[in-house]
Amino acid sequence: MRHLMNPLDFTVEELDSLFDLADDIEKHPDKYAHACEGKKLATCFYEPSTRTRLSFESAMLSLGGQVLGFSDAASSSASKGESVSDTIRVISCFADICAMRHPKEGAPMVAAGKSGIPVINAGDGGHQHPTQTLTDLLTIRALKGRLGNFTIGLCGDLKFGRTAHSLIEALARYSDIRFIFISPPELKVPDYITDMLHKKNIPYEEVIRLEECMPDLDLLYMTRVQRERFFNEEDYVRLKDFYILDTNKMSLAREDMLVLHPLPRVNEISVEVDDDPRAVYFKQVQYGVYVRMALILTLLGIKVAE
C-alpha cells in the first residue's frame with residue numbers, strides 16, 4: 001500500500017508515467033469510465049475547499065467510483081474531539097482510498113501511519129499540497145511540452161503558500177530551471193527552500209517588483225495572500241493587494257509566457273487578464289481532474305486494458 005504525502009514521494013520516472021496516464025485519460029475518457037466501479041473515495045476535509053475537494057470527487061465519479069466524506073471538521077466527529085488516527089481507522093472500514101485536507105501540518109502523515117487504505121495529502125496547513133503540484137506539473141508539461149529549461153517566477157505569498165513550496169521542491173529535480181521569487185520582505189520564501197536551492201546549485205533571485213522581471217519569465221505562478229494564515233488582520237490588509245497582475249503588466253511579458261494560479265483568486269489577477277490566451281489557470285483546473293484520476297488509479301493499483 002502506498003500513500004502520497006509529498007510530491008517527492010514519486011520519482012521523476014514515476015511522475016512521467018503518471019502524467020502519461022493523465023494524458024491518455026484526457027484523450028480517451030470513455031476507456032476509464034468504469035475503472036473504479038465498486039470503489040469508494042473518502043474526502044476528509046477539515047478545512048474549506050472548493051477546487052480540490054470537488055476535483056477529487058469529480059475524478060472518482062468520472063472513473064465510475066463513489067464518494068463519501070465531509071467538507072468541514074464541524075460536521076465530523078473531530079468536533080467531539082476524535083483524533084485523526086481514530087478517524088482514519090474508521091474511514092478505512094468504509095472506503096478504499098482517502099483524500100485528506102487538514103489545517104495542521106503533518107496530520108495526513110499521522111493518518112497514513114494508522115490507515116488501512118491509501119491516503120492522499122490534499123493540503124496540510126502551510127506545508128504541502130502535492131496534488132496541486134502534480135496539477136501544476138502536468139499543466140506545464142502539457143502546454144510547454146517540457147518540465148525543464150525555463151525561468152519561472154513565483155509571486156505573492158511565498159512564506160505561507162504551500163502550493164509554491166511544493167512546486168519549487170518538485171521542479172528542483174528537473175534540469176535548467178531558474179527561479180525568481182517575487183514577494184514583499186514579510187512574505188519571502190522560507191530559508192529551508194533557499195537552502196535547498198543553494199545545495200543543489202539551482203539559480204534563484206528574490207525581487208520585490210513584479211514589473212522588473214516580467215520580460216524574463218517563461219512561466220508566472222501567481223498566489224493569493226492567504227488571510228487564514230495571518231496572525232493579525234492589520235498585516236493581512238497591508239499586504240493583500242501588494243501585487244495585482246493586470247493587462248499593463250502582461251504587456252511586458254513574452255508572447256508565450258504562461259500565467260498559472262492554484263486558485264482561489266482574490267485581487268491578485270485582474271479579471272481583464274482572463275481573456276489573455278496566456279492565462280491558463282482555468283485550464284489548470286481541468287488538468288487537476290485528469291491528474292487526480294491518474295493518481296487514484298495508480299494508488300489503487302488499477303490498470304485499464306488497452
Revision key, fill the gap. Taking region 95-167, the whole-percent share of alpha-carbon pairs separated by over 19 angstrom is 45
Revision key, fill the gap. Any residue on another chain or 5+ positions along whose placed amide H is under 5 Å from the amide H of ILE97 is listed here as LYS40, ALA42
Check your understanding: Can you work out the base-10 log of I(q)/I(0) for the chain at q = 0.14, 0.15, 0.16 1/Å, using the Debye formula on its C-alpha atoms alone?
Key -> -1.08, -1.22, -1.35
Study note, to complete from the structure: Full extension between ASP176 and SER251 adds, at 0.36 nm per residue less the Cα distance, a length in nm of 24.4 nm
Practice item. Report, by chain and number, residues whose modeled amide H sits under 5 Å from the one on LEU245, excluding near sequence neighbours (fewer than 5 apart, same chain). Key: ILE269, SER270
Review point. Just from its helices, what would the mean residue ellipticity at 222 nm be for the chain, if runs of 4 or more DSSP H residues each count -39500 (n - 2.57) and the sum is divided by every residue, rounded to the nearest 500 deg cm²/dmol?
Key: -11000 deg cm²/dmol
Review point. Based on the mean of other beta carbon atoms within 10 Å per residue, what is the order of 290-299, 265-274, most packed first?
Key: 290-299, 265-274
Review point. Normalized C-alpha radius of gyration of region 125-190, against 2.2 N^0.38 Å?
Key: 1.09
**Study point:** Cβ crowding within 10 Å averaged over residues, with 275-282, 111-118, 256-263 ranked highest first
**Key:** 256-263, 111-118, 275-282
**Study point:** Hydrodynamic radius by Kirkwood, which averages 1/r over all alpha carbon pairs of region 8-61, in angstrom
**Key:** 13.2
Check your understanding: Quick one: which of 283-289, 192-198, 5-11 comes out on top by average Cβ neighbours within 10 Å, and what's the full order, highest first?
Key -> 283-289, 5-11, 192-198
Review point. Put a dot 7 Å past each Cα toward the Cβ at GLU13 and LEU68; how far apart are the dots in nm?
Key: 3.9
Practice item. For the chain, with all protein chains present and a 1.4 Å probe, just round the carbon and sulfur fraction of the accessible area to a whole percent. Key: 50
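Subtract the Cα-Cα distance of VAL266 and PHE94 from 0.36 nm times their separation in residues, and report this length gain in nm to one decimal.
Contour length minus Cα-Cα distance gives 58.2 nm.
For ASP216 and ARG278 in one chain, what is 0.36 nm times their gap in residues minus the Cα-Cα distance, to one decimal in nm?
Here the segment from ASP216 to ARG278 would lengthen by 20.8 nm.
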Practice item. Please state, to two decimals, what the Cα-based radius of gyration of region 1-129 comes to when divided by 2.2 N^0.38 Å (N = residues). Key: 1.06
Exercise for review: Return the percentage of antiparallel bridges among DSSP beta bridges fully within the chain, rounded to the nearest 5 %.
Suggested key: 5
Practice item. Report, in order of residue number, the helices in the chain meeting two criteria: a C-alpha extent of 24 Å or more along the helix axis, and a mean Kyte-Doolittle hydropathy of at least 0.5; treat each whole DSSP H run as one helix. Key: 281-300
Exercise for review: May I ask for the distance between the Cα centers of region 103-126 and region 1-67, given as a whole number of Å?
Suggested key: 16
Study note, to complete from the structure: Long-range amide H partners of GLY125, meaning residues 5 or more apart or on another chain whose placed amide H is closer than 5 Å, are HIS102, LYS104
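The values are calculated or read from the model by the stated rules, or taken from the named source; none is laboratory data. Please read these numbers as outputs of a predicted model, since none were measured by experiment. With ideal geometry, Cβ positions are generated from the backbone for all residues, glycine too; neighbour counts draw on all protein chains shown. Calculation scope for accessible area: heavy atoms of the full protein, side chains included, ligands and nucleic acids excluded. Shrake-Rupley method; radii C 1.70, N 1.55, O 1.52, S 1.80 Å.
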